[in-house]
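Trainee: First, the structure itself, so that you have it in front of you.
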Amino acid sequence: MTKKLLPLVALLFFNLISIAQIKSPEEFLGYKIGTRYTPHWKIVSYFQYVAQNSPLMVKLQQYGETNEHRPLYLTFISSPDNISNLESIRTNNLRLASLLKDKMALSESTPAIVWLSYNVHGNETSSSEAAMLTLYALIDPKNSQTKEWLKNTVVVIDPCINPDGRDRYVNWFNSIAGTNYNPRLDAREHREPWPGGRTNHYNFDLNRDWAWQTQVESQQRIAQYNQWMPQVHVDYHEQGINQPYYFAPAAQPYHEAVTQWQRDFQVTIGKNHAKYFDKNGWLYFTKEIFDLFYPSYGDTYPVYNGAIGMTYEQGGGGAGGLGADTDEGDTLTLYDRVIHHYTTSLSTIEISSLNTPALIKEFRNFFANAASGSIGEYKSYVIKNNPADAERISSFLKLLDKNAIEYGSGSGNGKGFNYHTGKEDAFTVTPGDIIVNSAQSKATMVKVLFEPQSKLVDSLTYDITSWSLPYAYGLTAYASKQAIAISSGKAKPDPVQNTAADPYGYVIRWQGVFSAKTAGQLLKQGIKLRFAEMPFEVNGQSFARGSVIIIKKGNEKFGNNLWSLVSKACNENNIKMNAITTGMVDKGYDFGSSKVHPMKALKIALMTGEGVGPNAAGEVWHFFEKELEYPVTLINANDFSRVKWSDVDVLVLPDGNYRFLSDKSSSDQFAQWIRNGGRVVALETAVLQLARQDWSSVKLRKDEEKDTIGKKDPYLLLKSFENREKDEVPGTTPGSVFKVDIDNTHPLMYGYPSYYYTLKMDNTIYDFIKENGWNTGVIKKDNQVAGFVGFKLKKKLKDGLVFGVQEMGRGTITYLSDNVLFRNFWENGKLMFCNAVFMVGQ
């Protein structure tokens, strides 16, 4: 027995010696944390070094990589006993959440999992530096206090969620800063160039992507998160230079799904932080600005998944550099910022350790309540399996899978809230319909993502106020207060397997992004396509407007290989090929008619760079590269005069402020390119700029009420300074859903019913186009569906244009005044964007 113990004792002794010799971040890097910016690779190197030299307390796991191929890591730190039982702790935790349904017994005598996520915004750099200090404090043998905490906690550190954005900022700063930093805010080291380091490679804000998981970093991270389900999660940020530190408790509005325990423990954590900040004389604030409502943040997503989710904000993000002058005459240094985040990191672990039994008990209660079906007024959500919605349903089910939300199919009759009519209607569940029941572990996420109207206790909110999935995905759905039984497992459609025969041709229904992607892949290979302007019937099959037709005529060069190329593209995208034996239709127009148009391969350009919204440009860029997989050329807006316009068929103008549209000569040159056959797709404020051009058919609706304020009642001009923020609310919407009436006979609206649900983010609306164009999408009166709209703005947002097309010579301008690609999760808008690019003006 003694001989068997010797190797173990030797290993433990060696590990203790190794820990005693582990270098601090300063010793390892060769400089004091906060005096330089540390590139991502050096941060990773330090975490690897600590893990290699402290295997009994630290486990390092690579969980993915970024678009620019930087590694993404999780680090697990705990006591040797906990690390040796790490997998058992994880699986037991999933049993506590009712997410692992096996026959193994669960235990509440288990450590709390505390997950610390650093540097989600790349130019909010101090937290990754603080992550290294936190790691060292936890394993430092001289720090006996942290060892006590680790007996009750497993700490998970993600040292940098957004390495691409961080290195974009750090490499820029290190390349332009002098030997000594300059704290003056007009110095160039405080003027970060476009697009800034905040976002990831595709200019996406990863802190808005937790629920939607459109980005590769989010997809890989949330897959890990759902395998652990921590009790506590912190998301580290930075804010303006002159802002003191912010920590929990959060501001109102809280979503009603946030439990009383979650609210109360935020106060407990805040008081613990305040103790340390008061001791050091540091300023801070709580209960302001940062609310718990929108479900896709790094605080709310964990909250809706049973954790105590929090945002911590340090002043200095983006413009902070190594030191910056503040309005109070002080210099805020990177070291100051790091130490504040380091302090709240340790304080969070401490208070979690002291309250581990309560955290575990309430965590289990959260999921027990969820599984019992007691969360929310609606017990079932039924999504109808309409054939025209097949592609969006496929994307919808992928989103449910990413969030570990259970669903299935069944049968029967019911009554519930009809998302389209806004009324209680009867429905019948038919084969293929999708049922999502509230009685499941993820019930809170189900409620938050599906409820038709989320309740606001305060209209001053940090983000959008409506995101209900049936509207975002454009699905026919019902929210029922009765539980609809699920009789079978996941209601996934069977994959399409086309076999290449040799008919006259094939028709592809134009129903969504996968249809457009398939068409794009075929066009890239040089395969000639046609599309139908009118519905038609042939060989007993019915096809709607926009259906893509592929025949041998014009594709002779592919010979016998044509149909194998077509079937390969269709199978990869799960698109059905519908065989036809003739070009003479039974109803509609024959394939040789002028109502059937060639669909050409297009050279597409995207304006980007200074003046263009980075997020907006990123949404378009990512959509082309990652979803459509269709080539797009990115052109800096300031290079307008250098563009070879003969090599551009379609130009996309995202949200932005374009200098060339403010210059008469450049504007006229641009207009002439359009008249010669150029096609423009403009989004959001790009529409506003175009509307100011004398050659535009779209004009902004004038705010008639603004001129009359004070004339009807002069006392309306007397306002309270205290209420200055709330006084702005009646004229705004932070993001609400409106029903848009559309003309689905126009190519911009192919594949849609007679309506579309738009996410309205601003107060702009345009007059109807009077000539040379088409009012393809309009808001009529009383068309608000969900979310908050101020009462003044609500009266204005009616009888106006949202989407339209202007014909200008041989070219077109497509006006998309609302963002149809919003954060790339507004799935129902993507087909409209595809139509704007591929269909309009062909």
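The values are calculated or read from the model by the stated rules, or taken from the named source; none is laboratory data. Note that the structure is a prediction, hence the values are computed from the model and not measured. So basically every Cβ, Gly included, is an ideal-geometry build from the backbone, and we count neighbours across all protein chains shown. Quick note on the areas: whole protein, heavy atoms, side chains included, nothing else; ligands and nucleic acids left out. Shrake-Rupley method; radii C 1.70, N 1.55, O 1.52, S 1.80 Å.
Trainee: Search segment 29-50 for residues that are closer than 19 Å to Asn171 by Cα and pair each with any residue that is open to solvent by 10 Å² or more (accessible area, probe 1.4 Å) and of a type in the set (S, T, N, Q) when their beta-carbon atoms are under 8 Å apart and the residues are at least 6 apart or on different chains.
Mentor: Gly34/Thr333; Arg36/Asn174; Tyr37/Asn174; Pro39/Asn171; Pro39/Asn174
Trainee: Same structure, new question: Quick one: which strands (runs of 3 or more DSSP E) sit completely within segment 230-323 and have at least 3 residues that are touching a helix residue (DSSP H, G or I) at 6+ places or on another chain (Cβ under 9 Å), open to solvent by 10 Å² or more (accessible area, probe 1.4 Å) and of a type in the set (D, E, K, R)? Steps first, answer last, please.
Mentor: Values: elements: 232-239, 251-254, 308-315.
Those strands (runs of 3 or more DSSP E) do not exist here; none qualify.
Trainee: Among the residues of segment 665-715, write down those that are open to solvent by 20 Å² or more (accessible area, probe 1.4 Å), in a helix (DSSP H, G or I), modelled with pLDDT of 95 or more and not hydroxyl-bearing (Ser, Thr, Tyr).
Mentor: Of everything in segment 665-715, those that are open to solvent by 20 Å² or more (accessible area, probe 1.4 Å), in a helix (DSSP H, G or I), modelled with pLDDT of 95 or more and not hydroxyl-bearing (Ser, Thr, Tyr) turn out to be Asp668, Gln669, Gln672, Trp673, Arg675, Leu688.
Trainee: Based on this model, can you work out whether Ile161 counts as part of a loop (DSSP other than H, G, I, E, B) and crowded, with 23+ Cβ neighbours inside 10 Å?
Mentor: Working: part of a loop (DSSP other than H, G, I, E, B): yes; crowded, with 23+ Cβ neighbours inside 10 Å: yes.
Here the answer is yes, as Ile161 does meet what is asked.
Trainee: Does segment 193-204 contain any residue that is modelled with pLDDT of 95 or more and β-branched (Val, Ile, Thr)? Spell out how you get there, then give the answer.
Mentor: To start, the set of residues in segment 193-204 that are modelled with pLDDT of 95 or more comprises 193-204.
Filter again for β-branched (Val, Ile, Thr), leaving 199.
The answer is yes; a qualifying residue exists.
Trainee: Which ones in segment 179-200 are open to solvent by 50 Å² or more (accessible area, probe 1.4 Å) and part of a loop (DSSP other than H, G, I, E, B)? Spell out the reasoning first.
Mentor: Keep residues of segment 179-200 that are open to solvent by 50 Å² or more (accessible area, probe 1.4 Å), which gives 179-182, 184-186, 188, 191-194, 198.
Listed by number, the residues that qualify are Thr179, Asn180, Tyr181, Asn182, Arg184, Leu185, Asp186, Arg191, Glu192, Pro193, Trp194, Arg198.
Trainee: Let me ask another. Within segment 135-156, which residues are buried (at least 24 other Cβ atoms within 10 Å of the Cβ) and under 29 Å from the mean Cα position of the chain (by Cα)?
Mentor: Val154, Val155
Trainee: Scan segment 371-427 for residues that are part of a strand (DSSP E or B), under 25 Å from Ala257 (Cα atoms) and of a type in the set (Gly, Ala, Ser) and jot them down. Break it down stepwise before answering.
Mentor: Going through segment 371-427, the residues part of a strand (DSSP E or B) turn out to be 380-383, 408-409, 412-418, 424-427.
Cutting the leftovers down to under 25 Å from Ala257 (Cα atoms) gives us 380-383, 408, 415-418, 424.
Correct list: Ser380, Gly408, Gly416.
Trainee: Here's a follow-up. Quick one: is Asp209 surrounded by 22 or more Cβ atoms within 10 Å (Cβ to Cβ) and at pLDDT 95 or above?
Mentor: Details: surrounded by 22 or more Cβ atoms within 10 Å (Cβ to Cβ): yes; at pLDDT 95 or above: yes.
Judged against the criteria, Asp209 is a match.
Trainee: Continuing with the same structure: Given the condition part of a loop (DSSP other than H, G, I, E, B), touching a Pro at 6+ places or on another chain (Cβ under 7 Å), under 21 Å from Gln224 (Cβ atoms) and of a type outside the set (Asp, Glu), answer yes or no: does some residue in segment 37-55 qualify? Quick ask: steps written out before the conclusion?
Mentor: Within segment 37-55, the subset part of a loop (DSSP other than H, G, I, E, B) is 37-39, 54-55.
Okay, now just the ones that are also touching a Pro at 6+ places or on another chain (Cβ under 7 Å), so none.
Scanning segment 37-55, I find no residue that is part of a loop (DSSP other than H, G, I, E, B), touching a Pro at 6+ places or on another chain (Cβ under 7 Å), under 21 Å from Gln224 (Cβ atoms) and of a type outside the set (Asp, Glu), so the answer is no.
Trainee: Tell me yes or no: at least one residue of segment 541-555 is at pLDDT 95 or above, among the charged types (D, E, K, R) and within 30 Å of Leu821 (Cα to Cα).
Mentor: yes
Trainee: Between residues in segment 251-277 that are over 12 Å from Thr300 (Cα atoms) and residues that are assigned to a helix (DSSP H, G or I) and among the polar types (S, T, N, Q), which pairs lie under 7 Å by C-beta distance while being six or more apart or on different chains?
Mentor: These pairs meet every condition: Ile269/Thr348; Asn272/Ser347; His273/Thr344; His273/Ser347; Tyr276/Thr343; Tyr276/Ser347.
Trainee: Only one of (1) under 24 Å from Met445 (Cβ atoms); (2) modelled with pLDDT of 95 or more is not met by Asp325, so which one is it?
Mentor: (1)
Trainee: Out of the residues in segment 630-655 that are touching a helix residue (DSSP H, G or I) at 6+ places or on another chain (Cβ under 6 Å) and not hydrophobic (A, V, I, L, M, F, W, C), state the one that is most open to solvent (accessible area, probe 1.4 Å). Spell out the reasoning first.
Mentor: Residues of segment 630-655 that are touching a helix residue (DSSP H, G or I) at 6+ places or on another chain (Cβ under 6 Å), as a first pass: 630, 632, 640, 645, 650, 652-655.
Add one more test, that the residue is not hydrophobic (A, V, I, L, M, F, W, C), and what stays is 630, 654-655.
Working: Tyr630: 11, Pro654: 2, Asp655: 42 Å².
Going through the qualifying residues, I end up with Asp655.
Trainee: A follow-up question, please. Hey, which of the strands (runs of 3 or more DSSP E) in segment 716-829, taking only ones fully inside, have at least 3 residues that are open to solvent by 70 Å² or more (accessible area, probe 1.4 Å)? Lay out the reasoning, then the answer.
Mentor: Values: elements: 736-742, 755-760, 773-779, 784-786, 800-808, 811-816.
Per the criteria, no element qualifies.
Trainee: Now, a different point. I need every pair where a residue in segment 616-635 that is under 17 Å from Val513 (Cβ atoms) has its Cβ under 9 Å from the Cβ of a residue that is part of a loop (DSSP other than H, G, I, E, B) and among the basic types (Lys, Arg), sequence separation at least 6 or different chains.
Mentor: Pro631/Lys603
Conditions (1) within 25 Å of the chain's Cα centre (by Cα); (2) hydroxyl-bearing (Ser, Thr, Tyr), marked per residue:
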position	(1), (2)
Trp563	no, no
Asn574	yes, no
Val596	no, no
Thr608	yes, yes
Phe623	yes, no
Leu651	yes, no
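Trainee: Taking segment 413-422 as the search range and keeping residues that are open to solvent by less than 30 Å² (accessible area, probe 1.4 Å) and of a type outside the set (Ser, Thr, Tyr), which one is nearest to the chain's Cα centre (by Cα)?
Mentor: Start the filter on segment 413-422 by keeping residues that are open to solvent by less than 30 Å² (accessible area, probe 1.4 Å), which leaves 414, 416, 418-419.
Still in the list and also of a type outside the set (Ser, Thr, Tyr): 414, 416, 418.
Details: Gly414: 33, Gly416: 29, Asn418: 26 Å.
My answer is Asn418.
Trainee: Hey, could you check segment 596-614 for residues that are open to solvent by 70 Å² or more (accessible area, probe 1.4 Å) and in contact (Cβ under 8 Å) with a residue 60 or more places away in the chain and say which is farthest from Gly811 (Cα to Cα)?
Mentor: Glu610
Trainee: Filter segment 102-123 down to the residues that are assigned to a loop (DSSP other than H, G, I, E, B) and either open to solvent by 10 Å² or more (accessible area, probe 1.4 Å) or of a type in the set (A, V, I, L, M, F, W, C) (or both) and list them by number.
Mentor: Restricting attention to segment 102-123, the residues satisfying the condition of being assigned to a loop (DSSP other than H, G, I, E, B) are 102-111, 118-123.
Result: Asp102, Lys103, Met104, Ala105, Leu106, Ser107, Glu108, Ser109, Thr110, Pro111, Val120, Asn123.
Trainee: Of (1) touching a residue at least 40 places away in the same chain (Cβ under 8 Å); (2) over 24 Å from Asn174 (Cβ atoms); (3) part of a helix (DSSP H, G or I), Glu217 satisfies all except one. Which?
Mentor: Glu217 satisfies all of (1) touching a residue at least 40 places away in the same chain (Cβ under 8 Å); (2) over 24 Å from Asn174 (Cβ atoms); (3) part of a helix (DSSP H, G or I) except (2).
Trainee: Follow-up. What's the total number of residues in segment 65-86 that are open to solvent by 20 Å² or more (accessible area, probe 1.4 Å) and either aromatic (Phe, Trp, Tyr) or modelled with pLDDT under 95 (or both)?
Mentor: 1
Table: residues versus (1) part of a helix (DSSP H, G or I); (2) farther than 19 Å from Asp167 by Cα.
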{"site": "Glu27", "(1), (2)": "yes, yes"}
{"site": "Lys59", "(1), (2)": "no, yes"}
{"site": "Glu68", "(1), (2)": "no, no"}
{"site": "Ser88", "(1), (2)": "yes, yes"}
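Trainee: So, in segment 428-442, of the ones that are in a strand (DSSP E or B) and in contact with a helix residue (DSSP H, G or I) (Cβ under 9 Å, 6 or more places away or on another chain), which residue ends up surrounded by the most Cβ atoms within 10 Å (Cβ to Cβ)? Before the answer, list the steps.
Mentor: Of all residues in segment 428-442, those in a strand (DSSP E or B) come to 428-429, 434-437.
Next, from what is left, pick out any that are in contact with a helix residue (DSSP H, G or I) (Cβ under 9 Å, 6 or more places away or on another chain): 434, 436-437.
Numbers: Ile434: 24, Val436: 26, Asn437: 22.
So, considering only residues that are in a strand (DSSP E or B) and in contact with a helix residue (DSSP H, G or I) (Cβ under 9 Å, 6 or more places away or on another chain), the one surrounded by the most Cβ atoms within 10 Å (Cβ to Cβ) is Val436.
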